[in-house]
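The values are calculated or read from the model by the stated rules, or taken from the named source; none is laboratory data. Since this is a predicted model, take the numbers as computed values, not measurements. Cβ placement follows ideal geometry from the backbone for every residue including glycine, while neighbour counts extend to all protein chains displayed. What goes into the accessible areas is simple: the full protein's heavy atoms, side chains included, and nothing from ligands, DNA or RNA. Shrake-Rupley method; radii C 1.70, N 1.55, O 1.52, S 1.80 Å.
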Amino acid sequence: MKNSLVFKQSKLLITSALVTLSLLTTSCGSGDSSKNLDIPGVDGPTVVLLQDDILIDIVLENVQVEGGARFNIPNYTNSYVEIAPDLQSNGTLLAFSVSLDDIFGGKADRLDPLTLPGGRAIPGVSGGALPAVAFSVPSIKNIAFYIGPQIFGVWVPVNGLNMSGAMLTTRFYTDSKRVGNLSLVGEDANGENGGFFLALTVSRSEERYLERMADRY
(Lines give C-alpha, C1' and ligand atoms only; values in the text may rest on other atoms or scores of the structure.)
Protein backbone atom coordinates (compact mmCIF):
# COMPACT_ATOMS: atom_id res chain seq x y z
CA MET A 1 0.00 0.00 0.00
CA LYS A 2 2.84 2.34 0.92
CA ASN A 3 4.69 1.62 -2.34
CA SER A 4 1.49 2.30 -4.27
CA LEU A 5 1.12 5.71 -2.56
CA VAL A 6 4.74 6.64 -3.31
CA PHE A 7 4.26 5.64 -6.95
CA LYS A 8 1.12 7.81 -7.25
CA GLN A 9 2.90 10.80 -5.68
CA SER A 10 5.88 10.38 -8.02
CA LYS A 11 3.57 10.11 -11.01
CA LEU A 12 1.80 13.30 -9.93
CA LEU A 13 5.12 15.20 -9.67
CA ILE A 14 6.25 13.98 -13.09
CA THR A 15 2.91 14.88 -14.68
CA SER A 16 2.98 18.34 -13.10
CA ALA A 17 6.52 18.96 -14.38
CA LEU A 18 5.59 17.81 -17.89
CA VAL A 19 2.54 20.08 -17.98
CA THR A 20 4.66 23.03 -16.82
CA LEU A 21 7.32 22.34 -19.44
CA SER A 22 4.64 22.02 -22.12
CA LEU A 23 3.23 25.45 -21.24
CA LEU A 24 6.69 27.01 -21.13
CA THR A 25 7.69 25.49 -24.45
CA THR A 26 4.49 26.78 -26.05
CA SER A 27 5.12 30.27 -24.68
CA CYS A 28 8.63 30.50 -26.13
CA GLY A 29 7.56 29.59 -29.65
CA SER A 30 9.51 27.62 -32.24
CA GLY A 31 13.28 27.35 -32.36
CA ASP A 32 13.59 30.06 -35.01
CA SER A 33 10.99 32.49 -33.63
CA SER A 34 13.59 34.70 -31.89
CA LYS A 35 11.23 34.87 -28.92
CA ASN A 36 12.77 34.24 -25.53
CA LEU A 37 11.43 31.86 -22.91
CA ASP A 38 8.87 33.34 -20.51
CA ILE A 39 9.92 32.67 -16.91
CA PRO A 40 7.14 32.60 -14.30
CA GLY A 41 7.52 35.54 -11.91
CA VAL A 42 10.28 37.15 -13.98
CA ASP A 43 10.30 39.96 -16.55
CA GLY A 44 13.41 39.45 -18.64
CA PRO A 45 16.28 38.95 -18.72
CA THR A 46 17.27 41.57 -21.28
CA VAL A 47 20.87 41.89 -22.43
CA VAL A 48 22.70 44.81 -24.03
CA LEU A 49 26.38 45.10 -24.98
CA LEU A 50 27.26 48.75 -24.33
CA GLN A 51 30.82 49.63 -25.31
CA ASP A 52 32.95 47.68 -22.81
CA ASP A 53 30.15 46.35 -20.59
CA ILE A 54 27.47 43.68 -20.73
CA LEU A 55 24.25 44.99 -19.17
CA ILE A 56 21.66 42.49 -17.90
CA ASP A 57 18.30 43.65 -16.53
CA ILE A 58 15.87 41.35 -14.68
CA VAL A 59 12.65 42.17 -12.82
CA LEU A 60 11.69 39.70 -10.08
CA GLU A 61 7.95 40.23 -9.85
CA ASN A 62 7.45 38.39 -6.54
CA VAL A 63 10.35 39.95 -4.62
CA GLN A 64 9.93 43.28 -2.81
CA VAL A 65 12.63 45.51 -1.35
CA GLU A 66 12.21 48.84 0.47
CA GLY A 67 15.29 50.54 -0.96
CA GLY A 68 18.05 50.14 -3.50
CA ALA A 69 21.81 49.62 -3.36
CA ARG A 70 24.76 48.80 -5.60
CA PHE A 71 27.21 46.02 -4.72
CA ASN A 72 30.59 45.19 -6.22
CA ILE A 73 30.82 41.63 -7.52
CA PRO A 74 33.54 39.72 -5.61
CA ASN A 75 36.76 39.32 -7.65
CA TYR A 76 35.35 41.55 -10.43
CA THR A 77 36.86 45.01 -9.94
CA ASN A 78 34.84 46.82 -12.63
CA SER A 79 31.54 44.93 -12.36
CA TYR A 80 28.56 45.35 -10.08
CA VAL A 81 25.00 44.29 -9.36
CA GLU A 82 22.31 46.82 -8.49
CA ILE A 83 19.06 46.03 -6.69
CA ALA A 84 16.15 48.47 -6.42
CA PRO A 85 12.34 48.65 -6.34
CA ASP A 86 11.11 48.44 -9.93
CA LEU A 87 9.46 51.69 -11.05
CA GLN A 88 6.92 49.99 -13.31
CA SER A 89 5.74 47.17 -11.01
CA ASN A 90 5.64 46.01 -7.40
CA GLY A 91 8.67 43.81 -8.02
CA THR A 92 12.43 44.26 -7.75
CA LEU A 93 14.87 45.29 -10.46
CA LEU A 94 18.11 43.30 -10.53
CA ALA A 95 20.65 44.93 -12.84
CA PHE A 96 24.10 43.56 -13.65
CA SER A 97 26.90 45.53 -15.27
CA VAL A 98 29.73 43.20 -16.24
CA SER A 99 32.97 44.60 -17.62
CA LEU A 100 34.75 42.89 -20.49
CA ASP A 101 37.97 43.75 -18.66
CA ASP A 102 36.84 41.44 -15.84
CA ILE A 103 35.70 38.65 -18.16
CA PHE A 104 38.88 38.55 -20.23
CA GLY A 105 41.37 39.82 -17.67
CA GLY A 106 42.52 36.37 -16.55
CA LYS A 107 40.46 36.26 -13.35
CA ALA A 108 38.80 32.97 -14.31
CA ASP A 109 42.09 31.13 -13.72
CA ARG A 110 41.85 32.05 -10.03
CA LEU A 111 38.27 30.83 -9.52
CA ASP A 112 37.17 27.34 -8.49
CA PRO A 113 34.84 25.53 -10.91
CA LEU A 114 31.25 25.31 -9.69
CA THR A 115 28.16 23.43 -10.81
CA LEU A 116 24.69 24.94 -10.45
CA PRO A 117 23.57 25.46 -6.84
CA GLY A 118 22.61 22.10 -5.34
CA GLY A 119 25.23 20.20 -7.36
CA ARG A 120 23.43 19.82 -10.69
CA ALA A 121 25.47 20.06 -13.89
CA ILE A 122 25.41 23.26 -15.94
CA PRO A 123 23.39 22.51 -19.10
CA GLY A 124 25.27 22.60 -22.39
CA VAL A 125 28.70 22.72 -20.73
CA SER A 126 31.20 19.88 -21.03
CA GLY A 127 31.93 18.54 -17.54
CA GLY A 128 28.95 20.44 -16.11
CA ALA A 129 31.02 23.07 -14.25
CA LEU A 130 32.70 26.43 -14.91
CA PRO A 131 34.96 28.78 -12.93
CA ALA A 132 32.58 30.87 -10.84
CA VAL A 133 32.02 33.19 -7.91
CA ALA A 134 28.87 32.95 -5.76
CA PHE A 135 27.45 35.78 -3.65
CA SER A 136 24.21 37.12 -2.18
CA VAL A 137 22.43 40.47 -2.03
CA PRO A 138 19.56 41.46 0.30
CA SER A 139 16.43 39.34 -0.37
CA ILE A 140 18.23 37.28 -3.04
CA LYS A 141 20.61 34.50 -2.02
CA ASN A 142 23.05 32.41 -4.04
CA ILE A 143 23.54 34.47 -7.20
CA ALA A 144 26.52 33.19 -9.18
CA PHE A 145 28.73 34.31 -12.08
CA TYR A 146 30.42 31.77 -14.35
CA ILE A 147 33.22 32.25 -16.87
CA GLY A 148 34.40 29.75 -19.47
CA PRO A 149 36.60 29.98 -22.59
CA GLN A 150 33.68 31.24 -24.70
CA ILE A 151 30.84 31.43 -22.17
CA PHE A 152 29.76 33.97 -19.59
CA GLY A 153 26.89 32.87 -17.39
CA VAL A 154 24.76 34.18 -14.55
CA TRP A 155 22.58 32.17 -12.15
CA VAL A 156 19.54 33.82 -10.55
CA PRO A 157 17.42 31.93 -7.98
CA VAL A 158 13.64 31.99 -8.46
CA ASN A 159 11.01 30.53 -6.13
CA GLY A 160 7.71 28.97 -7.13
CA LEU A 161 8.59 27.50 -10.52
CA ASN A 162 6.57 24.33 -9.73
CA MET A 163 8.67 22.08 -11.98
CA SER A 164 10.48 19.94 -9.43
CA GLY A 165 13.49 18.08 -10.84
CA ALA A 166 12.91 19.30 -14.41
CA MET A 167 15.17 21.44 -16.60
CA LEU A 168 14.42 23.25 -19.86
CA THR A 169 17.01 24.95 -22.11
CA THR A 170 16.17 27.22 -25.07
CA ARG A 171 18.03 29.65 -27.31
CA PHE A 172 18.32 33.22 -26.05
CA TYR A 173 18.04 36.23 -28.36
CA THR A 174 18.86 39.94 -28.31
CA ASP A 175 17.40 42.00 -31.15
CA SER A 176 16.53 38.77 -33.03
CA LYS A 177 20.15 37.57 -32.84
CA ARG A 178 21.00 34.48 -30.88
CA VAL A 179 23.52 35.36 -28.17
CA GLY A 180 23.35 32.27 -25.95
CA ASN A 181 21.06 29.88 -24.07
CA LEU A 182 18.53 30.31 -21.28
CA SER A 183 17.92 27.37 -18.92
CA LEU A 184 15.02 27.11 -16.51
CA VAL A 185 15.91 24.81 -13.59
CA GLY A 186 13.25 23.33 -11.30
CA GLU A 187 13.60 22.78 -7.57
CA ASP A 188 15.78 19.87 -6.45
CA ALA A 189 14.71 16.91 -4.28
CA ASN A 190 14.77 19.17 -1.21
CA GLY A 191 12.49 21.75 -2.82
CA GLU A 192 15.38 24.20 -3.16
CA ASN A 193 17.75 25.70 -5.76
CA GLY A 194 15.20 26.55 -8.44
CA GLY A 195 16.04 29.38 -10.81
CA PHE A 196 17.42 30.18 -14.25
CA PHE A 197 20.85 30.14 -15.85
CA LEU A 198 21.66 32.61 -18.63
CA ALA A 199 24.68 31.56 -20.72
CA LEU A 200 26.03 34.12 -23.17
CA THR A 201 28.47 33.36 -25.97
CA VAL A 202 31.20 35.96 -25.58
CA SER A 203 33.65 35.07 -28.36
CA ARG A 204 32.59 38.07 -30.48
CA SER A 205 32.94 40.32 -27.45
CA GLU A 206 36.40 38.85 -26.90
CA GLU A 207 37.48 39.79 -30.42
CA ARG A 208 36.21 43.31 -29.80
CA TYR A 209 38.02 43.42 -26.45
CA LEU A 210 41.32 42.28 -27.95
CA GLU A 211 41.04 44.84 -30.73
CA ARG A 212 40.40 47.57 -28.15
CA MET A 213 43.42 46.47 -26.08
CA ALA A 214 45.60 46.49 -29.20
CA ASP A 215 44.48 50.05 -29.98
CA ARG A 216 45.66 51.15 -26.51
CA TYR A 217 49.18 50.11 -27.32
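Please tell me if residue 193 is among the polar types (S, T, N, Q), at pLDDT below 90, surrounded by 15 or more Cβ atoms within 10 Å (Cβ to Cβ) and in a strand (DSSP E or B). Break it down into steps so the answer makes sense when it comes.
Details: among the polar types (S, T, N, Q): yes; at pLDDT below 90: yes; surrounded by 15 or more Cβ atoms within 10 Å (Cβ to Cβ): yes; in a strand (DSSP E or B): no.
Answer is no for this residue.
In this entry, residue 91 is excluded by the filter for residues that are more than 24 Å from residue 185 (Cα to Cα) and either small (Gly, Ala, Ser) or at pLDDT 90 or above (or both).
Could you name every one of the strands (runs of 3 or more DSSP E) located completely within the range 134-174 that has at least 1 residues being among the basic types (Lys, Arg)? Walk me through how you get there before you give the answer.
Working: elements: 140-147, 151-157, 167-174.
Passing ranges, in order: 140-147, 167-174.
One residue stands out in the range 127-170 among those that are open to solvent by 50 Å² or more (accessible area, probe 1.4 Å) and hydroxyl-bearing (Ser, Thr, Tyr): the one that is nearest to residue 39 (Cα to Cα), namely 169. The lone criterion from (1) surrounded by fewer than 18 Cβ atoms within 10 Å (Cβ to Cβ); (2) modelled with pLDDT under 85; (3) within 18 Å of residue 198 (Cβ to Cβ) left unmet by residue 48 is number (2).
Here is a yes/no grid of residues against (1) touching a Lys or Arg at 6+ places or on another chain (Cβ under 8 Å); (2) surrounded by 16 or more Cβ atoms within 10 Å (Cβ to Cβ); (3) on the phi > 0 side of the Ramachandran plot:
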| position | (1), (2), (3) |
| --- | --- |
| 70 | no, no, no |
| 81 | yes, yes, no |
| 88 | no, no, no |
| 91 | no, yes, no |
| 103 | no, yes, no |
| 111 | no, yes, no |
| 121 | no, no, no |
| 125 | no, yes, no |
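In the range 180-202, the residues that are in contact (Cβ under 8 Å) with a residue 60 or more places away in the chain and farther than 22 Å from residue 36 by Cβ reach residues that are of a type in the set (Lys, Arg) and open to solvent by 30 Å² or more (accessible area, probe 1.4 Å) with C-beta atoms within less than 8 angstrom, at least six apart or across chains, in these pairs: 188/120; 193/120.
In the range 82-105, of all residues being of a type in the set (A, V, I, L, M, F, W, C) and assigned to a strand (DSSP E or B), the one that is farthest from residue 131 (Cα to Cα) corresponds to 84. Every condition in (1) open to solvent by less than 50 Å² (accessible area, probe 1.4 Å); (2) part of a loop (DSSP other than H, G, I, E, B); (3) touching a helix residue (DSSP H, G or I) at 6+ places or on another chain (Cβ under 9 Å) is met by residue 54 except one, and the failing one is (2).
May I ask you to say which residue of 103, 147, 83 is touching a strand residue (DSSP E or B) at 6+ places or on another chain (Cβ under 8 Å) and either modelled with pLDDT of 85 or more or among the small types (Gly, Ala, Ser) (or both)? One residue alone meets the criteria, 83.
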